[in-house]
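Right, one structure below, let's go through it.
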Amino acid sequence: MQLLRRGDSGPAVVEIRAKLREYGLLAPPGPAPSENYFDDDVEHAVQAFQQRRGLITDGIVGHATYRALREASWKLGDRMLALLVSSPMSGDDVAQLQERLLELGYDPGRPGGVFDDMTENALRGFQRDYGLTPDGVCGPATLRSLRQLGRKVTGGRPGLLREQELLRRAGPRLRGKRIVVDPGHGGQDRGVQVSGVDEADLVWDLGRRLVGRMAATGMEALLSRREDTCPADAERATFANAAGADLVLSLHTDANHSMHAQGLATFHFGNGSGATSTVGEALAGLIQRELLTRTAMLNCGSQARTWELLRLTRMPTVRVEIGYLTNMGDRQKLLDPAFRDIVAEGILVAVKRLYLLGQDDQPTGTFTFSDVLARELGRGQAQAI
């Protein structure tokens, strides 16, 4: 869709104003001529909405913000919910259904607001157990039952507990774990381009280095794309889900209109209203700390977002923004193959530390690729004996 920003006008701005007013973020309508104009008040309201929904707070209405504005208008009971394979239903009503099923002891996966096959299976299980027709459709009868029943799971958020328990059961060994490495952009989409340097090329090379190191430890590392392709984020998430990945690591670089913007940031799923990936948050923090210690880059923090890849994957997913190509210092670092080796090692070590759960660990920045290999091979030999 067309980007809408301060200074734009037209029927689309009228629609945006109406939605922001519906959410209590914009004052009642003033004189009619101003209703189709994107002014400072609209920009501030958009920024407030973006912050609330875990989006980039740039005040610009693009695809992600418009989707979130549309999805926020749905409440559970407004419509019948069902699995539509070609065009999955999404919205706050789906997220509310997923949260309710979790409270009742069923597992629809991450409450990301998309009605997928896991949500359908959880809904069918609920319907079957409570004497309803197990058709996987959330209609009036199912809604009445959902509202009448009390919680079965108490004392914490069950979705988060499940994710943590899966991590604990996975054990400390890396061998056999399946990781999807997602180099951003690709094909005709070159990403950030500065002084002849393409983001797509840099993260492809970094992804290959990371996959090589992971394979050496016995992990099954898969690339989300070929060098000449650029799947949409939803397709990358579908690939990871179909592969049954344990983790997804998405690699990017950043850009800014200011050449002074620089540094490293990591992102995990979280919508600002309770739904989050605790394991994703832990991994993002580990990657952030490892890379900051090893590279001395500026710390831009670890943050929750609702971007499609983070939201649609069923496993913990972290997006790593490794520097700004628009900053000369960051760009020079990224152009150095030795620096990309350091980044690949740091990410691998962070993954190992995640599975160690704090046991037999080493101080941040001191764990090496050789250490990881020695632990993996040493334990494998001990078990073989």
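Within region 235-287, the set of residues being polar (S, T, N, Q) and either in contact with an Asp or Glu (Cβ under 9 Å, 6 or more places away or on another chain) or in a helix (DSSP H, G or I) (or both) comprises T238, N241, S250, T253, Q262, T266, S277, T278. What are the residues in region 301-318 that are among the polar types (S, T, N, Q), outside any loop (DSSP other than H, G, I, E, B) and out of contact with any Ser or Thr (no Cβ under 6 Å at 6 or more places or on another chain), if any? Of everything in region 301-318, those that are among the polar types (S, T, N, Q), outside any loop (DSSP other than H, G, I, E, B) and out of contact with any Ser or Thr (no Cβ under 6 Å at 6 or more places or on another chain) turn out to be Q303, T317. You will find that of L206, L174, L210, the residue that is in contact (Cβ under 8 Å) with a residue 12 or more places away in the chain, in a loop (DSSP other than H, G, I, E, B) and open to solvent by less than 20 Å² (accessible area, probe 1.4 Å) is L174 and no other. Which one of these is touching a Ser or Thr at 6+ places or on another chain (Cβ under 6 Å) and on the phi > 0 side of the Ramachandran plot: G109, G113? After applying the criteria, what remains is G113.
Residue under question is S87, and the condition is that it be over 22 Å from R305 (Cα atoms), under 22 Å from the mean Cα position of the chain (by Cα) and either open to solvent by 40 Å² or more (accessible area, probe 1.4 Å) or of a type in the set (S, T, N, Q) (or both); does it hold?
In short, yes.
Checking the stated criteria, S277 turns out not to satisfy the condition of being open to solvent by 10 Å² or more (accessible area, probe 1.4 Å), touching a strand residue (DSSP E or B) at 6+ places or on another chain (Cβ under 9 Å) and small (G, A, S). Of the set (1) more than 17 Å from R175 (Cα to Cα); (2) touching a Leu at 6+ places or on another chain (Cβ under 6 Å), all apply to L354 but (1). Among the listed residues D92, D39, identify the single one that is acidic (D, E), farther than 23 Å from L312 by Cα and open to solvent by 30 Å² or more (accessible area, probe 1.4 Å). Going through D92, D39 in turn, the sole match is D39. Across region 42-78, the qualifying residues are those that are buried (at least 16 other Cβ atoms within 10 Å of the Cβ) and of a type in the set (D, E, K, R), and the one among them that is nearest to R144 (Cα to Cα) is E71.
If the condition is being without any contact (Cβ under 8 Å) to a residue 40 or more places away in the chain, surrounded by fewer than 17 Cβ atoms within 10 Å (Cβ to Cβ) and either part of a loop (DSSP other than H, G, I, E, B) or aromatic (F, W, Y) (or both), then region 4-36 contributes G7, G10, G24, A27, P28, P29, G30, P31.
Please find, among L160, L167, the residue that is open to solvent by less than 30 Å² (accessible area, probe 1.4 Å), at pLDDT below 95, within 20 Å of the chain's Cα centre (by Cα) and under 30 Å from V318 (Cβ atoms).
Exactly one of L160, L167 is open to solvent by less than 30 Å² (accessible area, probe 1.4 Å), at pLDDT below 95, within 20 Å of the chain's Cα centre (by Cα) and under 30 Å from V318 (Cβ atoms), namely L167.
The set of residues from region 225-240 being surrounded by fewer than 14 Cβ atoms within 10 Å (Cβ to Cβ), out of contact with any strand residue (DSSP E or B) (no Cβ under 6 Å at 6 or more places or on another chain) and closer than 21 Å to R208 by Cβ comprises R226, D228.
Look through region 323-345, keep the residues that are assigned to a helix (DSSP H, G or I) and small (G, A, S), and return whichever of them is least open to solvent (accessible area, probe 1.4 Å). My answer is A344.
Checking V372, V349 one by one, the residue that is modelled with pLDDT of 90 or more, within 24 Å of the chain's Cα centre (by Cα), surrounded by 11 or more Cβ atoms within 10 Å (Cβ to Cβ) and among the β-branched types (V, I, T) is V349 and no other. Assessment of region 215-224 against the conditions (part of a helix (DSSP H, G or I) and crowded, with 20+ Cβ neighbours inside 10 Å) yields no matching residue. Can you pull out the residues in region 163-191 that are touching a strand residue (DSSP E or B) at 6+ places or on another chain (Cβ under 6 Å) and more than 30 Å from L102 (Cβ to Cβ)? Within region 163-191, P183, G184, R190 qualify.
The values are calculated or read from the model by the stated rules, or taken from the named source; none is laboratory data. These numbers were taken from a predicted model, which means no experiment stands behind them. Note that we place each Cβ from the backbone using ideal geometry, even for glycine, and neighbour counts take in every protein chain shown. The area values use the complete protein model at the heavy-atom level, side chains included, leaving out ligands, DNA and RNA. Shrake-Rupley method; radii C 1.70, N 1.55, O 1.52, S 1.80 Å.
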